[in-house]
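Engineer: Here you go, one structure.
What follows draws every value from the coordinates through simple rules; no lab data is involved. Just so it is clear, the model here is predicted, and its values are computed rather than measured. Positions of Cβ are backbone-derived with ideal geometry, glycine not excepted, and every protein chain shown enters the neighbour counts.
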Amino acid sequence: QVQLVESGGGLVQAGGSLRLSCVASGSFFGFSDMGWYRQAPGNQRELVARITSTGTTIYRDSVKGRFTISRDNAKNTVYLQMNSLMPEDTAVYYCNKVFNSLAWGRGTQVTVSS
């Protein structure tokens, strides 16, 4: 069964850092563009960063220069390093395929205090 499991969230002060991880089960991972998404209360889920199967990265303007997405295909894992966190980054963070998304995991809560 295909599954996405996110971890690494927490409570951090503004300016702090967190590293999120997402482990994917299934043989699709190495061939798929993967993305980190987030959803804040009352907002729609939005794509924060994506990484192609060959490692090209694209970021939402609001996180450029602060977030870094990476992947380890041998571990079926995608990471999101988040630096210089701001209160507006507070949300539940999810990973998923960028195209033909899978069932969403539970996500991991990131809370940034001012």
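Engineer: Which three extents, in whole angstrom, do the alpha-carbon atoms of the stretch 53-114 cover along their principal axes, largest first?
Structural biologist: Computed over the Cα atoms, the extents are 36, 25, 20 Å.
Engineer: In the chain, what is the volume of the convex hull around the alpha carbon atoms, normalised per residue and reported in Å³?
Structural biologist: 92
Engineer: Taking the highest mean first, how do the peptides 79-89, 40-50 order by number of other beta carbon atoms within 10 angstrom per residue?
Structural biologist: 79-89, 40-50
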